[in-house]
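Below is one structure, written out as structure tokens, with a few remarks after it.
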Amino acid sequence: MTTPAAARRARQVAERRERIVAVARALAEEQGWEAVTIRRLADAIEYSQPVLYGHFPQGRTEIVTAVAMAGFEELAVVLSAATSGEAGTDAERVRALVTAYLDFAAQHPATYDAMFLLPVLIPFASDDTPEALRAGFAAIEGALTGLESPPPDPATAAEVLWGAVHGLVALHRAGRLSAGNDERRVDELVRLVTAAVD
């Protein structure tokens, strides 16, 4: 049985962890991940460095991982909301999914980097993959299985669609795509996805 003191202590620890993650995320979004060091975090939240290591024994990588997990949870909600509507054509549903993904990446670039580019302590595509990652992928797969003519292998099709959208994010951010062509690229991706299953 948990005592009130133990419950209060657990709540305080969770609140401290959340504060550290929130400050790290805000600092990364404002100044980039290079600005996120244990020393700067300790100064920003007025904790000692040993306190930070007490909450995140693996240091910065574990903090980046916590930011990535928060991002995956948010992205899963965004993608699920984008694909939950019953109305609309196949193209409209796929467009909603793609647009939601692209918007999330544009609005949270440092969080997106933590999720997909920086080293993290998260197993992908395995039995140990966390539920938040599975939920986001399930939203992509669900959008495809909900098509009038779903793909014969929805999981693989979802990986390909995810790869295509991630590629658009990466190429856009690197300045490798033509300017002012964003809508046409989304149109073409939607056309390819919906035509491929006809």
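At a glance:
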| item | result |
| --- | --- |
| Rounded to the nearest 20 debye, dipole of the chain from Cβ charges on Lys, Arg, Asp, Glu | 900 |
| Difference of contour (0.36 nm per residue) and Cα-Cα distance, residue 125 to residue 44 | 25.6 nm |
| Accessible surface, per residue, of the chain when the full set of protein chains is kept, probe 1.4 Å, Å² | 56 |
| Cα extents of the chain along the three principal axes, largest first (Å) | 59, 46, 27 |
| GNM result for the chain, Cα springs below 10 Å: residue of 75, 171, 147 fluctuating most strongly | 171 |
| Estimated FRET transfer efficiency when R0 is 30 angstrom, pair residue 187-residue 145 (beta carbons, to 0.05) | 0.85 |
| Solvent-accessible ranking of 172, 166, largest area first, probe 1.4 Å | 172, 166 |
| Relative contact order of the chain, defined on C-alpha pairs under 8 angstrom at six or more residues apart (%) | 21 |
| Length-normalised contact order of the range 122-196 in % [C-alpha pairs under 8 Å, at least 6 apart] | 20 |
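The values are calculated or read from the model by the stated rules, or taken from the named source; none is laboratory data. Predicted model, so just to flag it, every value in this text is computed and none were measured. Note that we place each Cβ from the backbone using ideal geometry, even for glycine, and neighbour counts take in every protein chain shown. Ligands, DNA and RNA are stripped out before the accessible areas are found, and what is left, the full protein with its side chains, is counted by its heavy atoms. Shrake-Rupley method; radii C 1.70, N 1.55, O 1.52, S 1.80 Å.
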